[in-house]
Amino acid sequence: MAGVGALKTDPKAMLLSGLAGLVAGACSMAIGEFVSVYSQVDIEVAQLEREREGAEEEREGMRHPSPSQAALASAVAFALGAAVPILGAAFVRQPGVRVGMVAVAATAAMVGFGVAGAVLGKTPVVRSCARVVVGGWLAMVVTYGLMRAVGTTGF
């Protein structure tokens with residue numbers, strides 16, 4: 001949305017890009033998570049099969065991660081995070097203010113996800129939030145800058 005906001009003043013273009021990004025990102029995250037977790041399950045199963053002693057007991061007591069659950073969780077988390085700046089931009093008419101609202105709403109969502117991740121993972125909250133916010137801002141600045149450069153010079 002930041003990239004489209006760098007070039008377009010039409011609110012529909014920004015909202016459409018946000019919705020397209022939400023769907024594409026959620027699908028991408030879900031597929032990536034599915035592949036990653038499924039690969040991890042394959043590794044765990046292969047390791048258990050290589051173990052000679054006690055392998056049967058471990059197999060019965062061990063529960064493997066679910067690729068489908070991981071994919072769904074990743075898609076939902078991405079969609080929720082992407083919905084925040086879309087909602088922030090939906091009600092603002094002025095193009096410059098709209099881009100600012102997207103940045104503010106996205107930052108608030110990033111802080112929320114950073115806190116949630118830290119609490120769930122029992123890690124330091126400030127460090128987790130800083131990592132998420134800095135990474136998110138870096139992505140927004142790069143996207144905005146690239147779109148401005150392409151929009152003014154073309155390909």
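Nothing in this text is a laboratory measurement; each read-out follows from the coordinates by a stated rule. If you're wondering where the values come from, they're calculated on a predicted model, not measured in any experiment. FYI the Cβ positions are ideal-geometry reconstructions off the backbone, even for glycines, and counts take in every protein chain you see.
Observations
- Calculated FRET efficiency for the pair residue 36/residue 7, C-beta based, R₀ 22 Å, to 0.05: 0.05
- Degrees separating the helix 67-90 axis from the principal Cα axis of the chain, which is the longest one: 10 degrees
- For Cα extents along the principal axes in Å, the value computed from the atomic coordinates appears in the list (1) 68, 36, 25; (2) 55, 37, 29; (3) 61, 38, 25 under label (1).
- For the chain, a Gaussian network of Cα nodes joined below 10 Å ranks 63, 131, 93 by mean-square fluctuation, and the top entry is 63.
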